[in-house]
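Below is one structure, written out as structure tokens; comments come after it.
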Amino acid sequence: MEARLPVLEPGFRGTPPDGIWAPPQPRPSYEAGAKVEAVSSNPQAPKSDPSMRPTSISVLIVAGLAAAALGWLLLSFSYSSLPDLPWSPVIVLVVLAIAEGLLAQNTSARIQRKPGTMRVDPLAVARYVALAKASSLVGAISAGFSAGLVIYLAMESTQAAHDDLPTAVGGLVSAFALIGAALWLERACRVPEKPDAKDEDDSDRPSGRR
């Protein structure tokens, strides 16, 4: 039979049985795990939100091309039965573009804390970003649809097409104005980087020259 050495509990003091010391047992380290748990359980830790990412220009282009094809097909099959193009969508797009342009200018000044401006609410800034992203997508769809109308009407030689062409051009211009205002508003909601913090980081680095 093999002789088994008695295993002592950590922290045992005194003379072991048979005068034989068991090898010391390694103590588990809880420091690293505590740090990881503390960081992961922090409710204030920043999390990446896909809705807060910058608007993708490729998505706007794809949406515009799809809307242009839809506008072309719509007029190709049913233009003769459609009424005159209304100016009301053009007016709505222009009003939205002006409102978001003014909002972008005001928000940018408040985030940069220019003299005479009030402090901006972070929750309001998040709403402005959502508004800007939705408006840029609406503007891209409207621009594509209007572009399809302009191309079709420009190729038609009828009097009705000639009368509707200015409305389609106005819709195209106002849609591009809305896209520009929306992207400006989204950019205005970004917090500018602090150059002082970057300079301090550079000054803390050891210099290679002595």
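The values are calculated or read from the model by the stated rules, or taken from the named source; none is laboratory data. If you're wondering where the values come from, they're calculated on a predicted model, not measured in any experiment. Positions of Cβ are generated from backbone atoms using ideal geometry, with glycine treated the same way; all protein chains shown enter the neighbour counts.
Quick notes on this one:
- Pick from the range 109-143, criterion charged (D, E, K, R) and more than 29 Å from Ala175 (Cβ to Cβ), ranking: nearest to the chain's Cα centre (by Cα): Asp121
- Among the residues making up the range 163-181, those that are touching a helix residue (DSSP H, G or I) at 6+ places or on another chain (Cβ under 8 Å) and not hydrophobic (A, V, I, L, M, F, W, C) are Asp164, Thr167, Gly170, Gly171, Ser174, Gly180.
- Single residue of the range 50-104 satisfying the filter (more than 20 Å from Ser174 (Cβ to Cβ) and hydroxyl-bearing (Ser, Thr, Tyr)) that is surrounded by the fewest Cβ atoms within 10 Å (Cβ to Cβ): Ser81
- Those residues of the range 153-177 which are closer than 19 Å to Ser80 by Cα and either among the hydrophobic types (A, V, I, L, M, F, W, C) or touching a Ser or Thr at 6+ places or on another chain (Cβ under 7 Å) (or both), in sequence order: Leu153, Ala154, Met155, Ala160, Ala161, Leu165, Ala168
- Matching residues, the range 72-101, being over 16 Å from Ala147 (Cα atoms), touching a residue at least 60 places away in the same chain (Cβ under 8 Å) and over 35 Å from the mean Cα position of the chain (by Cα): Asp84
- Only one entry in Gly180, Gly148 is touching a residue at least 24 places away in the same chain (Cβ under 8 Å) and under 17 Å from Leu82 (Cβ atoms), namely Gly148.
- Residues satisfying the stated conditions in the range 51-86, i.e. outside any helix (DSSP H, G or I) and either within 30 Å of Ala124 (Cβ to Cβ) or of a type in the set (S, T, N, Q) (or both): Arg53, Pro54, Thr55, Ser56
- Test: residue in the range 87-96 that is part of a loop (DSSP other than H, G, I, E, B) and modelled with pLDDT of 90 or more: yes
- Failed condition for Ala147, given (1) buried (at least 16 other Cβ atoms within 10 Å of the Cβ); (2) farther than 30 Å from Leu75 by Cα; (3) not hydroxyl-bearing (Ser, Thr, Tyr): (2)
Every residue, every condition in (1) in a helix (DSSP H, G or I); (2) at pLDDT below 95, yes or no:
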residue	(1), (2)
Lys133	yes, yes
Ser146	yes, yes
Leu153	yes, yes
Ser157	no, yes
Ala161	yes, yes
Leu165	yes, yes
Ser174	yes, no
Ala177	yes, no
Trp184	yes, yes
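- Residues satisfying the stated conditions in the range 102-131, i.e. outside any helix (DSSP H, G or I) and either within 30 Å of Leu75 (Cβ to Cβ) or free of Cβ contacts under 8 Å to residues at least 12 places away in the same chain (or both): Arg113, Lys114, Pro115, Gly116, Thr117, Met118, Arg119, Asp121
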